[in-house]
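The values are calculated or read from the model by the stated rules, or taken from the named source; none is laboratory data. Bear in mind that the values here come from a model prediction, so they are computed numbers and not experimental data. Glycine also receives a Cβ, built like all others from the backbone with ideal geometry; neighbour counts cover every protein chain displayed. These area figures cover heavy atoms from the full protein model, side chains too; ligands, DNA and RNA do not enter into them. Shrake-Rupley method; radii C 1.70, N 1.55, O 1.52, S 1.80 Å.
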Amino acid sequence: NLAEINNTETISSVWTFSAIPVLSGGAISFPAVQVASAGANTLDDYEEGTWTGSLAAGTSGTITMNSGLRTGSYIKIGRVVTVSGVFYVDSVSSPVGELSLTGLPFPANSGSSSSRAAAAVWASGLQATATTQIMGHIVSGESEIKLQKFASGSLSAMAADVKADSQFYISLTY
């Protein structure tokens, strides 16, 4: 099946090979299962989807999420993943320690210091009054965002600052 170009200069059909991206109707379609290429400059993986996040206290206690507002979206192109989402807290039971947003769709690449990335985070409805900034980062090999507060000139754990109706808006590329 040879490619044909009609009078509007668009490709109307192309050869199709199994496990290779295909141009169809003006869009590139990737196979359902990635077929990795040895070529460093070959785009062989593209995926979009959703993920379900949960907040977890590192030492003790629980954080219960709003079931309707805990889903994020992601785009994965090769080894680069971009996630975003809005996460609302329904209730808490004495959370203590580090705060993590778990459930990312893919772990960060491991074995390299460059696989550590910072998240853009906006939060409201927290207990803390002196917090000036929320910091988020993902560590090599992990599938969760570690969240910390910046208050009084230093970073510290923030699970105890989460309360019912707290809201977190997150964006991260790793």
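The string of couplings for region 145-154 from the Karplus curve (6.51, -1.76, 1.60, θ = phi - 60°) is 9, 7, 10, 9, 9, 10, 9, 6, x, 8 Hz, one whole number per residue in order, with x for Gly and Pro. Taking the accessible area of region 90-174, probe 1.4 Å, and keeping the other protein chains in place, the carbon and sulfur fraction comes to 49%. Partners of residue 163 within straight-line reach, counting lysines whose Cα lies under 28 Å from its Cα and excluding those fewer than 8 residues away in the same chain: 146, 149.
Using the 1.4 Å probe convention, the accessible area of region 24-108 works out to 55 Å² per residue with neighbouring protein chains retained. Backbone phi angles across region 41-51, fed through the Karplus curve with coefficients 6.51, -1.76 and 1.60 (θ = phi - 60°), yield HN-Hα couplings of 9, 9, 7, 10, 8, 9, 8, 10, x, 10, 9 Hz in residue order; Gly and Pro are listed as x.
Tally Lys/Arg at +1 and Asp/Glu at -1 over every other residue whose Cβ is under 14 Å from the Cβ of residue 63; what's the total? Local net charge: -3. Phi angles across region 71-88 convert, under the Karplus curve 6.51 cos²θ - 1.76 cosθ + 1.60 with θ = phi - 60°, into 3J(HN,Hα) values of 10, x, 10, 9, 10, 10, 10, x, 9, 9, 10, 10, 10, 8, x, 10, 10, 10 Hz, Gly and Pro given as x. Taking all protein chains together and rolling a 1.4 Å probe, residue 80 ends up with roughly 80 Å² accessible.
Using the average count of surrounding beta-carbon atoms within 10 Å as a protection proxy, the listed peptides 92-101, 64-73, 35-44 rank, highest first, as 92-101, 64-73, 35-44.
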